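Bear in mind these aren't lab numbers, they're just calculated from the coordinates by the rules spelled out. Being a predicted model, the structure only gives us computed values, none of them experimental. Cβ sites come from the backbone with ideal geometry, for glycine too, and all protein chains shown count toward neighbours.
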Amino acid sequence: MEILSQMWSLLGLLTVLQNILPTQLLSLLHSIYESLQDLISPYSYFDIPEFNGYCGVEINDLYRHINLYLNSVNPSTSAAACRRLTLSRSKSSNHISFTVAPNQTVHDTFNGHSLSWTHHVETVQDSLEEKRSFSLKLPKRHCTALLSPYLNHVTSRAEEFERVSRERRLFTNNGNASYESGWVSVPFRHPSTFETLALEPQLKKQIMEDLKSFANGRDFYHRVGRAWKRGYLLYGPPGSGKSSLIAAMANYLCYDVYDLELTKVTDNSELRALLIQTTSRSIIVIEDIDCSVDLTADRMLKSTRKRSHTPNGKDSGNEEESGRVTLSGLLNFTDGLWSCCGEERIIVFTTNHRDNVDPALVRCGRMDVHVSLGNCGMHAFKVLAMNYLGIEAHPLFDVVESCIRSGTGALTPAQIGEIMLRNRGNADIAMKEVVGTMQAKILSSGTQKEHLIDYEDTVTRSPQSVLAVGSPENWDSSPGRSGGKRRKEGGSNCEKKARFLVRLRSLTKSDSGRRGV
């Protein structure tokens, strides 16, 4: 009782002194007390408010990064270290996020040192607003060595978590880029991934490694003074999987997709405006780049046409293609100064006919990687069979492989996928229909002229040859072109096909006999 009475007396004395002593003296005593406490304490404290400055208008980006960083930490570990967490889920994210409740602490470790974050929430006097901040506590002895690296670690981890957790969007241009936002978007929920993609394993591995190297190459691109972007040219027949590959790339990197429709763009200025409005960490896609004659036609032909439409043979350069997108404008879009207005972008061109694309559009620095997507190889066929039919092996796989090796019986992934989708309830029927379609294609190809070269020639390529990093000067020596010459050199094409069909029928009959059909 005596101790309690003495404490009450001391509190009463302090109250009297607070009322008697001047404010300046009280402030001085309070600062001295805090200095002594900081001198004795082995920790340093840093406050990160939600808003910058005294007005509280500009959001503190570091505060947002700390929130994201604490979400990226293992929730079970954070929950064990913190008694109260606030859970939430926004419309733009599929993940449940949590926030440290007011005046709660979360512990963390970095380089073998223990640190902690405390979330402070104070109610502003005579207002309904709240003042939020995070307080970082770290060892005073290692403060200088820890603070900057740790905050950089927090920022990079937060940005990565934000990229992975946010909902991806699919954008398309609406034709109003000069006046307002030129893009409209919907959630991007394409299910294609590299695991489900019907590609040869070596090609798939090469593309994934190239994408990963690009996404982690910020320091490299800055060091060499090069814009942080990469160009992909995807070419092949319809149904070869170009759109599926783009979707798999977006899901692999967690990037947004901008599908640019050139027919809706009026001129080069609008094209630049659309580029400025795209965000970093995105894939800009221009499909069927060869279908626009004004962009891919021969330059000499274009200049001749301009002179022929100009009276007295005068130069019509002043007409400059006003009111439309020009080849020069598209080149500046992909590789000019305006292409550097953002970072971490991938530009993808697709075409069914590679030779129709202007070489200036696909040279090194614009389209860095050329990917040939042709008919389905055996490895890709097995992926489709597993995806659609749920089978890893089948007696007709040998027949399918023989058809694929023939070079004329192979089908595109879209054709095979449609057959399997239609017969997904019965794997045997699906396999028989696939074999029948391949045999019918072999028979129909026998009536074609031998000198015609189509995309089936690419089936026999090695996986390394369907992905090229380089300029179009090497196209003439590509395996797709030399394959046609090999076909002409080898004897009678019709006789080979006839012998091949006899062998296929014998294999099919023997398989049916074994199964008792």
Say the cut-off is 32 Å between C-alpha atoms; which of 137/229; 212/382; 205/264; 140/229; 131/212; 229/382 go over it? 137/229; 205/264; 140/229; 131/212; 229/382
Relative contact order of the range 185-279, defined on C-alpha pairs under 8 angstrom at six or more residues apart (%): 40
Between residue 129 and residue 20, how many nm apart are label points set 7 Å from Cα along the C-beta direction? 4.0
Relative packing of peptides 415-426, 232-243, 104-115 - highest average C-beta neighbours within 10 Å first: 232-243, 415-426, 104-115
Looks like the range 378-447, by Cα gyration tensor root eigenvalues a ≥ b ≥ c and the a/c under 1.5 rounded cutoff (else prolate when a/b is bigger than b/c, oblate otherwise), is prolate
Using a Förster radius of 35 Å, what is the FRET efficiency between residue 424 and residue 188 based on their Cβ-Cβ separation? Nearest 0.05, please. 0.85
